[in-house]
Every structure is written in C-alpha cells, then in structure tokens.
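Undergrad: The following block contains the structure, expressed as structure tokens.
What follows is calculated from the coordinates using simple rules that are stated; it is not laboratory data. Keep in mind the model is a prediction, meaning the values are calculated, not measured. Cβ: placed from backbone, ideal geometry, glycine included. Neighbour counts: every protein chain shown.
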Amino acid sequence: MTPKQPLLQLEKITKNYGAIEALKGISFTIGKGEVVALLGDNGAGKSTLVKIIAGGLAATSGRMLFEGREFAAATPAEAKAAGIETVYQDLSLCTNVDVVANFFMGREIVKRYFGIPVLQERAMEAAVAKAMADAGTRIPSLRTKVEHLSGGQRQAIELNRFVHWGGRLVLLDEPFAALGVEQTRRGLEMIKRVAAQGIGVVVITHIMPQAFQVADRIVVIRQGIVAGDVETSKTSPDEVVRMITGESFAGAGPAGTQTGLEA
Ligand SMILES: Nc1ncnc2c1ncn2[C@@H]1O[C@H](COP(=O)(O)OP(=O)(O)O)[C@@H](O)[C@H]1O
Ligand SMILES: [Mg+2]
C-alpha cells in the first residue's frame, strides 16, 4: 500500500474534565483517502477525541494540523466550514421534508424573477440525483420525505450530502449501531467509496469484523493514550483485542479465540 498524504495530524492532544484526564496525549495521523477505525473500551476517550476534532469540544492542550496548517475549530459549524463533519445517524436530517430539501437545507438554489426568489427545484433535484448515482445510492424517489426512509438510506443521504458540499474528513461514531446486516454491509461499502475520493474517514466501532472489513488502519485508544496504531493488513483481531484490553501477548489464548468481540 502506498503511504497516504496526511490530512489531519493530531499532536499530543490532551483533555481534562476537571480532575479526570480523559485524553493524555493522543498523536496519530489520518491520511487523505484513508479509513481509520478507532477502537477502545468504554470510557477510553474515543468520543472525546472525535468531539475535539469536530469542534464540539476544546482540547486542554496539544495541536492539530489539517492539510498541513494548524487547525482548531471552536464550534461544529467552524469545523464543517473547513470540511470536517461528524455524521450522526438521523440526527442532522429533517424528517418532515424530502431528500432534495435535506440535501440543500440552507444552501438552496434560488433564482430571482422580477425580484421574486424562486427555488430551482429541478436543478436541485438533478444535482441530488447525480450525487446519489455517483455514490451508488438508490432511493426510489428523491421526493420522499425522510421519515419514510430506512436508517441506512438516511445515513447514505448524509454521507452523500457531506461529499457533495466538499467534505474532507468525516467522523462516524458507531454508525451501524441501529442498522441491520444488509444496511450495514452497504454502509461499509459506502465508506470505502467515500474514501476512494480522497476523503479521510474516522469510524468508531466496537465490532471487530467491521473494523477489519472497512479500515486501512486501526488506532486503539486505551485510558486516554494510543495503545496501538497498525495497518489492518498487518494485524489480527486477536492482537487488536489485546491492545484494547492491555493484556500482555504472553499467555494470551490461541489466535482467533476467546476474544468475545468477534461476531
Ligand atoms: N462531559 C464529561 N464530563 C466528565 N467526564 C467525562 C465527560 N465525557 C466523558 N468523560 C469521561 O472521559 C472519559 C472518556 O470518555 P469518552 O470519550 O466518552 O469514552 P468512549 O467514547 O471511548 O467510551 C471517561 O472516563 C468518561 O467518563
Ligand atoms: Mg463513546
């Protein structure tokens, strides 16, 4: 595999919540077009880190370089403007309007006729249709209200919208928690297609096979430190579990057994 150009570099990020040191100096790099699976036990600090990257939380110390320049978003809107966004299943869509309206929410195409603004519905629908087709997403009608769509379809809409508006780095925190097997498979495929366009993807998951299916690299956080940063092709579920738990290599069971995490 050719090394990827750095997209986001994290350098010694720390975060204290009062006396709790949630992050104790996190350093790793997300490459352009790279899918990084972020793994770790409950309370390891994954969500805290993702929030810091996406502007939802300020780091206590450390710095980030985004496309080579120092970067710190004070708000999620600021991160979004820079092309960094967390995609939460469902949460950012308006369910009572259709797919096109959601895609163009706040960025509608408007033309003025004799001073009167008119929404360019056909142009917007065509743009959404193209974005969906490019991503291989099939939705029966783009005029369907989002409330009638499945969780997987909603996720696809959000990801397509992110790509369409120039997204550079997408953060996904347990994106498949509420999805079925087939929807999850499509979601994983979609993540790969998004990354193939040069976008960076960080996906938090506790489901080991998903991490191995989708990620180029696995980063393990344990008690606020990076306990492992490995190419997926050069590790095994067993080794990753040991990184997560901190169990030493000696005395661990035979490969592929007793992890409790392999579905
Ligand atoms: N708002 C908060 N206030 C105080 N402590 C917090 C807060 N959010 C998270 N923590 C603590 O920080 C640590 C990391 O939490 P979190 O980032 O949610 O871990 P993860 O997502 O890996 O489960 C935990 O010890 C958690 O209890
Ligand atoms: Mg979490």
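Undergrad: Only Cα pairs within less than 10 Å get springs; with that Gaussian network setup on the chain, which residue of VAL99, VAL241, VAL118 has the largest fluctuation?
TA: Looking only at VAL99, VAL241, VAL118, the biggest GNM fluctuation is shown by VAL118.
Undergrad: Taking springs between alpha-carbon atoms closer than 10 angstrom, which of MET208, MET105, MET64 fluctuates most in the Gaussian network model of the chain?
TA: Fluctuation is largest for MET105.
Undergrad: Please give the direction-averaged projected area of the C-alpha convex hull for the stretch 95-166, in square nanometres with one decimal.
TA: Taking a quarter of the hull surface, the average projection is 4.9 nm².
Undergrad: Among VAL181, VAL163, VAL240, which one moves the most in a GNM of the chain with springs linking Cα atoms closer than 10 Å?
TA: VAL181
Undergrad: Something else: Using each residue's phi in the stretch 183-195, evaluate 6.51 cos²θ - 1.76 cosθ + 1.60 at θ = phi - 60° and report the 3J(HN,Hα) Karplus result to the nearest Hz, with x for Gly and Pro.
TA: Running phi through 6.51 cos²θ - 1.76 cosθ + 1.60 with θ = phi - 60° gives 5, 5, 4, 5, x, 5, 4, 5, 4, 5, 5, 4, 5 Hz.
Undergrad: Sticking with this structure for a sec: With +1 on each Lys and Arg Cβ and -1 on each Asp and Glu Cβ, how big is the dipole of the chain about its Cα centre, in debye rounded to the nearest 20? Can you show the working numbers first?
TA: On the way: 29 positive and 27 negative charges, 146 e Å.
In total the dipole reaches around 700 debye.
Undergrad: For the chain, build the charge dipole from Cβ charges (+1 Lys, Arg; -1 Asp, Glu) around the Cα centre, then report which of VAL146, PHE176, ALA227 sits farthest towards its positive end.
TA: VAL146
Undergrad: Okay, moving on. Over the Cα atoms of the chain, what Rg and Dmax result, in angstrom?
TA: Every Cα atom of the chain included, Rg and Dmax give 19.8, 79 Å.
Undergrad: Further question on the same structure: How large is the helix-only mean residue ellipticity at 222 nm for the chain, computed as the sum of -39500 (n - 2.57) over DSSP H runs with n ≥ 4, divided by its residue count, in deg cm²/dmol to the nearest 500?
TA: Theoretical 222 nm ellipticity from helices: -9000 deg cm²/dmol.
Undergrad: Follow-up question, since we're still on this one. Using the alpha-carbon centroid of each, what span in Å lies between the stretch 192-237 and the stretch 41-65?
TA: When both Cα centres are located, 17 Å separates them.
Undergrad: Among ALA58, ALA123, GLY136, which residue has its Cα furthest toward the positive end of the charge dipole of the stretch 1-144, with +1 on Lys/Arg Cβ and -1 on Asp/Glu Cβ?
TA: Of the listed residues, the answer is ALA123.
Undergrad: Also, quick follow-up: For the cross-link pairs LYS15/LYS130; LYS46/LYS145; LYS80/LYS130; LYS12/LYS192; LYS15/LYS145; LYS46/LYS234, which exceed 30 Å when the distance is taken from alpha carbon to alpha carbon?
TA: Correct reply: LYS15/LYS130; LYS46/LYS145; LYS15/LYS145.
Undergrad: Work out, step by step, the length gained on full extension between ASN42 and TYR88: first 0.36 nm times the residue separation, then minus their alpha carbon distance; give nm to one decimal.
TA: That pair, ASN42 and TYR88, stretches by 14.7 nm at full extension.
Undergrad: Over the Cα atoms of the stretch 67-210, Rg to Rh with Kirkwood Rh, two decimal places?
TA: Rg divided by Rh gives 0.99.
Undergrad: Moving on. Need one number: % antiparallel among DSSP beta bridges in the stretch 138-228, to the nearest 5.
TA: 40 percent
Undergrad: About the Cα centre of the stretch 59-121, what is the dipole size in debye to 20, counting +1 per Lys and Arg Cβ and -1 per Asp and Glu Cβ, all else neutral?
TA: Its charge dipole is roughly 240 debye.
Undergrad: Still on this structure: Considering the dipole of the chain built from charges on the beta carbon (Lys and Arg +1, Asp and Glu -1) around the Cα centre, which of ALA211, VAL36, TYR113 is farthest to its positive end?
TA: So the residue we want is TYR113.
Undergrad: I've got another one for you. Based on DSSP, what percent of beta bridges with both residues in the chain are antiparallel, to the nearest 5?
TA: In the chain, DSSP labels about 65 percent of beta bridges as antiparallel.
Undergrad: Please list, in chain and number order, the residues 5+ apart from LEU39 or on another chain whose amide H is under 5 Å from its amide H, with Hs placed from the backbone.
TA: For LEU39, whose amide H was placed from the backbone, the distant partners under 5 Å are VAL219, VAL220, ILE221.
Undergrad: Whole angstrom only: what separates the Cα centroid of the stretch 1-37 from the Cα centroid of the stretch 103-134?
TA: 37 Å
Undergrad: Using the Karplus equation 6.51 cos²θ - 1.76 cosθ + 1.60 (θ = phi - 60°), what ³J(HN,Hα) coupling, rounded to whole Hz, does each residue of the stretch 210-223 give in order, writing x for Gly and Pro?
TA: Values, residue by residue: 5, 4, 6, 6, 10, 8, 7, 9, 10, 10, 10, 9, 10, 6 Hz.
Undergrad: Right, another one. Tell me, what ³J(HN,Hα) does each residue in the stretch 120-136 have, in order and in whole Hz, if you take phi through Karplus 6.51 cos²θ - 1.76 cosθ + 1.60 with θ = phi - 60° and put x for Gly and Pro?
TA: Once rounded to whole Hz, the list reads 8, 4, 5, 5, 5, 4, 5, 5, 5, 4, 5, 4, 5, 5, 4, 8, x.
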